[in-house]
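Read through the structure below, which is laid out as structure tokens, and then see the notes.
The values are calculated or read from the model by the stated rules, or taken from the named source; none is laboratory data. Because the structure is a prediction, the values reported are computed rather than measured. Positions of Cβ are backbone-derived with ideal geometry, glycine not excepted, and every protein chain shown enters the neighbour counts. Keep in mind that these areas ignore ligands, DNA and RNA; they rest on the heavy atoms of the full protein, side chains included. Shrake-Rupley method; radii C 1.70, N 1.55, O 1.52, S 1.80 Å.
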Amino acid sequence: MSIINEAAWQADGADGPVVSANTDGVPAAERFGWWTEMVGDEVMPVTIRSPHAARFRGSVEAVGMPHSQVAAFSFSPMTASRSPVQIRRHDPEEYYLVLVHGSPIRLEQARGVACLGAGDMALFSTSAPLVCDFLDRGRQTRLTLLRLPRTALPLAGGRADPLLAEPLSTRPESGPAALLGSYLGGLPTAARACGPAELTRLGVIGIDLAATVLAGRLGAQDTLPTETRKTALRARIRAFIELNLGDPELTPSAIAAHHHVSVRGLHLLFRREPETVGAMIRRLRLERCHADLADPALGHRTLATTATRWGFRHPADFGRAFRKAYGIPPSEVRAGARVRARALDAQEACARCRRSAGRPGRQ
């Protein structure tokens, strides 16, 4: 990723590989021009028009990964267009998937027209003219872009071009597209805690999920590389596990049956992953229990209720597993949450007293 303006781009070590930028660090008169230049460098050269140019505001969080990039944008409503002249001058030969989070957008490219609302996606290319209207609904436009170099996407020879500017829903019933939408929406947050190896793996997952979604729309799933299909299947299985953690019957055999693979095939699918399927289920259940026990708002729940909620059949088994994972019994986490809750209550009481003391007294 290029650094356009050192005063605006910030790489905070606490954010790991996430790089953020916003117009706040740019003089007001230069913000719209700065934003246009940034989009040209980081996405592709376009012509931008906006009724908010004089008071333009924008921000971006970007995660750079091998062969791809995910960037979450928020900006004042505008219109962007890319002409044949701009394409001839510079074409990075890339696809982008855009996921809309808020105000609708209208995308035109290659005879396709997509009117996208929150939760919709569409594919566009840097190699064809386009017009994109980010409609003004009195608030900032919010969207996420996934960059897909043609050389990295396993759909060679422009085979994805028929899908340009075609709406793709990320609603739960849309299967792989819903997984891809969740991936895009959560990546900047997840990437903050990632090391280089984990980030590389996340990049592969994104490309393979995108390829699976596009190939599915083209009816070309069987043409995808075997590893791409395996990556997409692992992502579906992980999502299924997270949705069903509270079910005590969530076992490798049940997961395998739901996804129409053998138990042996399931274990082979995760053979090179950092943990087995059983270990993943146990870790995720313990993490959910830990989060509930540390939440003062859930202090009324018993330890047994918390354990049962997240799929543990027997409280004693839960207690042993929790102590092994965190080095302390679950009761200590609950006690710590209660101490913090009392401290917060005391702070709020003191604040109320100070506010009351500052009011004029009665005569």
**Residue check, A128 open to solvent by less than 40 Å² (accessible area, probe 1.4 Å), outside any strand (DSSP E or B) and either out of contact with any Ser or Thr (no Cβ under 7 Å at 6 or more places or on another chain) or of a type in the set (G, A, S) (or both)** = yes
**Prompt:** Can you spot a residue in the range 229-240 that is more than 28 Å from F124 (Cβ to Cβ), open to solvent by less than 10 Å² (accessible area, probe 1.4 Å) and of a type in the set (A, V, I, L, M)?
**Reply:** yes
**Prompt:** Can you name the residue in the range 314-349 that is within 15 Å of L284 (Cα to Cα) and in contact (Cβ under 8 Å) with a residue 40 or more places away in the chain and, of all such residues, is surrounded by the fewest Cβ atoms within 10 Å (Cβ to Cβ)?
**Reply:** A325
**Test result for G206, touching a residue at least 24 places away in the same chain (Cβ under 8 Å), under 16 Å from the mean Cα position of the chain (by Cα) and part of a helix (DSSP H, G or I)** = yes
**Request:** Please find, among R147, R139, the residue that is among the basic types (K, R) and surrounded by fewer than 18 Cβ atoms within 10 Å (Cβ to Cβ).
**Result:** R139
**Prompt:** Got a sec? Which helices (runs of 4 or more DSSP H) wholly within the range 261-320 have at least 1 residues that are closer than 25 Å to R340 by Cα?
**Reply:** 277-293, 303-309
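Please verify whether L180 is more than 30 Å from R55 (Cα to Cα) and at pLDDT 90 or above, treating the condition exactly as stated.
Yes.
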**Asked** Checking A297 against (1) open to solvent by less than 70 Å² (accessible area, probe 1.4 Å); (2) of a type in the set (A, V, I, L, M); (3) modelled with pLDDT under 90, which test does it fail?
**Response** (1)
**Message:** So A29 passes all but one of these: (1) at pLDDT below 95; (2) buried (at least 19 other Cβ atoms within 10 Å of the Cβ); (3) not acidic (D, E). Which condition number does it fail?
**Reply:** (2)
**Request:** Could you identify the single residue in A80, A156, A118 that is among the aliphatic types (A, V, I, L, M), in a loop (DSSP other than H, G, I, E, B) and more than 21 Å from A215 (Cα to Cα)?
**Result:** A118
**Item:** Condition check for R82: out of contact with any helix residue (DSSP H, G or I) (no Cβ under 9 Å at 6 or more places or on another chain), surrounded by 18 or more Cβ atoms within 10 Å (Cβ to Cβ), of a type in the set (K, R) and under 30 Å from P162 (Cβ atoms)
**Value:** yes
**Request:** Being farther than 22 Å from P176 by Cα, part of a strand (DSSP E or B) and either out of contact with any Ser or Thr (no Cβ under 8 Å at 6 or more places or on another chain) or touching a residue at least 60 places away in the same chain (Cβ under 8 Å) (or both) is the filter here, so list the residues in the range 91-115 that pass it.
**Result:** R106, L107, E108, G112, V113
**Criterion: under 23 Å from the mean Cα position of the chain (by Cα), of a type in the set (K, R) and modelled with pLDDT of 95 or more - qualifying residue of R106, R82** = R106
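Return the only residue of L245, L233, L268 being more than 26 Å from the chain's Cα centre (by Cα) and closer than 28 Å to G206 by Cβ.
The conditions single out L268.
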**Asked** Mind checking which residues of the range 38-51 are surrounded by fewer than 16 Cβ atoms within 10 Å (Cβ to Cβ) and in contact (Cβ under 8 Å) with a residue 40 or more places away in the chain?
**Response** P51
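For (1) open to solvent by 40 Å² or more (accessible area, probe 1.4 Å); (2) in contact with a strand residue (DSSP E or B) (Cβ under 9 Å, 6 or more places away or on another chain); (3) on the phi > 0 side of the Ramachandran plot, each residue gets a yes or a no:
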| residue | (1), (2), (3) |
| --- | --- |
| L202 | no, yes, no |
| A210 | no, yes, no |
| D222 | yes, no, no |
| N244 | yes, no, no |
| P248 | yes, no, no |
| A256 | no, no, no |
| V261 | yes, no, no |
| I281 | no, no, no |
| L293 | no, no, no |
**Request:** Spot the failing condition for R139; the list is (1) under 30 Å from E227 (Cβ atoms); (2) not in a helix (DSSP H, G or I), and only one is missed.
**Result:** (1)
**Prompt:** Of the numbered conditions (1) within 28 Å of F322 (Cβ to Cβ); (2) at pLDDT below 90, G246 satisfies every one except a single condition; which is it?
**Reply:** (2)
**Request:** State whether the residues of the range 24-32 include one that is outside any strand (DSSP E or B), touching a Gly at 6+ places or on another chain (Cβ under 8 Å) and at negative phi.
**Result:** yes
